[in-house]
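Accompanying notes for the structure given below.
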């Protein structure tokens, strides 16, 4: 496979590193800023809607295959909050630390057995020609009483996966990639991406060899 560039519709360096670590070296991930993409506001009512909004905008503006995710935390004791507002739970300009502080404040007095929560992710893959694929993943766990660990981002320092005695922030990137909600969804998307790139490469080889459209055995291209 020749070197391919795809755009991640995000300005989050943690997400960029995470995605690149899951892709083969011949696929280069560039950020929205590097691709000159202006991301739309997240106006969807679900993670899937927001992921598709961003991926469609990035693919259209950059002319590249685009990947976008929307993910967040759902805490049972808070009726599913922060949900789609996870990144801006404590306000539009809130930092990860601000969001975590508000979450822990709202969970004050909630006992261990009632701090159940889950990370949920939707990852959208969109081609400039309009083809779309959506992957989804869920990681069950609970909210600990104080942040632990230096890795990851977002709510990772206060989220302990089911069956684990460490928070996600205490895991290595490799360990996180084996279990995380985003990695689950990304693996589904990466499978689809490989199919798209293989078809695109077959189409390019056919064109360079002068094979008319429709005569190549695999002429799928990216629709």
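Please enumerate the residues belonging to the range 139-167 that are touching a residue at least 40 places away in the same chain (Cβ under 8 Å) and buried (at least 20 other Cβ atoms within 10 Å of the Cβ). Scanning the range 139-167 gives 139, 143, 152, 154, 155, 157, 158, 159.
Residues of the range 184-192 include none that is surrounded by fewer than 17 Cβ atoms within 10 Å (Cβ to Cβ) and touching a helix residue (DSSP H, G or I) at 6+ places or on another chain (Cβ under 6 Å).
Let me confirm something: among 55, 77, 94, which residue is surrounded by fewer than 19 Cβ atoms within 10 Å (Cβ to Cβ) and in a helix (DSSP H, G or I)?
77
Scoring residue 11 on the criteria (1) surrounded by fewer than 18 Cβ atoms within 10 Å (Cβ to Cβ); (2) farther than 24 Å from residue 172 by Cα; (3) touching a strand residue (DSSP E or B) at 6+ places or on another chain (Cβ under 7 Å) leaves a single failure, condition (2). The strands (runs of 3 or more DSSP E) located wholly in the range 108-223 include none with 3 or more residues which are within 20 Å of the chain's Cα centre (by Cα) and at pLDDT below 95.
One residue stands out among those in the range 22-48 that are in contact (Cβ under 8 Å) with a residue 60 or more places away in the chain and surrounded by 14 or more Cβ atoms within 10 Å (Cβ to Cβ): the one that is nearest to residue 130 (Cα to Cα), which is 48.
The values are calculated or read from the model by the stated rules, or taken from the named source; none is laboratory data. Note that this is a predicted model, so its numbers are computed, not measured. Virtual Cβ from ideal backbone geometry, glycine too; neighbours counted across all protein chains shown.
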